[in-house]
């Protein structure tokens with residue numbers, strides 16, 4: 001099997017691969033320790049007491065629900081493309097240069113793990129499993145696992161020359177990965193083994209996945225396609241994307257609400273009828289959104305993105321009334 005050349009190790013190409021072109025600026029927070037927050041931000045995570053947002057050589061933290069942000073100094077340059085909060089409330093961030101960084105519960109004390117991922121591998125997404133293990137997916141349909149906080153890595157390959165873009169743990173046992181060429185795989189033993197599901201037709205390219213239980217989940221992908229499953233990924237049904245543009249990440253909210261963020265700085269909410277509607281409180285302005293988190297109380301999202309947008313940004317969802 002021939003392999004494509006590894007991706008160039010810089011964040012700009014990562015954005016190009018995802019075909020990102022858009023963003024939002026509903027609210028500009030005060031930033032301490034940095035002149036502004038105009039850097040391209042890729043992902044955001046919260047452990048309940050602190051939020052962490054990451055991007056190319058930038059890492060910000062907030063301990064007041066996103067009202068103010070403080071830049072964190074890293075010991076060396078890093079192209080951070082993903083971040084997750086672990087069960088012990090620590091944080092882990094993914095470096096495009098095949099490393100992970102770990103942070104304390106307050107979003108401080110960041111250190112790069114000594115272990116490096118394989119040189120022929122380009123990471124794309126990260127998860128912190130309920131048992132504290134680090135999981136990374138990326139090129140060559142590869143899944144990496146570290147049980148020692150990034151000091152060493154074990155590799156599983158699916159044997160396809162394809163990029164995996166997302167990994168989600170539903171609980172300690174169940175996880176799902178998805179990516180290029182319609183690839184979807186799931187595990188029921190905490191990642192010890194993986195079952196390839198029927199490939200999604202038409203070379204579907206998944207950006208993100210979200211599951212509420214082992215049967216019910218969604219994928220968002222290239223071309224503005226959003227798919228839903230009720231049988232654990234054995235089959236998928238297309239859902240109506242009102243905006244008609246790619247949505248790059250899912251954001252779960254209180255009460256089972258599900259949001260998606262993406263191109264043109266748009267935020268959409270899923271209705272009970274399976275149709276997605278753009279939130280009028282989210283203002284488009286060119287750029288893209290890549291991730292978000294719901295604030296406690298169910299009234300707002302904090303979203304991140306780039307291409308000129310000033311994020312993190314706060315988006316009101318309190319009175320959208322989508323059913």
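Points to keep in mind about this one:
- With a Förster radius of 25 Å applied to the C-beta separation of residue 65 and residue 88, the computed FRET efficiency comes to 0.70.
- Simple spin-label estimate for residue 273 and residue 154 gives 4.8 nm between the two label positions (7 Å along the Cα-to-Cβ direction from each Cα).
- Residues residue 76 and residue 212, FRET efficiency given R0 of 30 Å [Cβ-Cβ distance, rounded to 0.05]: 0.20
- The C-alpha atoms of region 35-169 occupy a region whose extents along the principal axes are 45, 30, 24 Å, arranged from largest to smallest.
- Residues 140, 205, sorted so that the one with the fewest Cβ neighbours within 10 Å comes first: 140, 205
- Inter-centroid distance (Cα atoms) of region 150-204 relative to region 69-107, Å: 23
- Extents of region 131-234, largest first, come to 38, 29, 20 Å (Cα atoms, principal axes, whole angstrom).
- Stokes-Einstein, applied to the Kirkwood radius of region 165-323 over Cα pairs at a viscosity of 1.002 mPa s and 20 °C, places its translational diffusion at 135 µm² s⁻¹.
Any read-out appearing in this document is the output of simple, stated calculations on the displayed coordinates, not a laboratory observation. Everything numeric here is computed off the predicted structure, so don't read it as measured data. Reconstructed Cβ throughout: ideal geometry from the backbone, glycine too, with neighbour counts over all protein chains shown.
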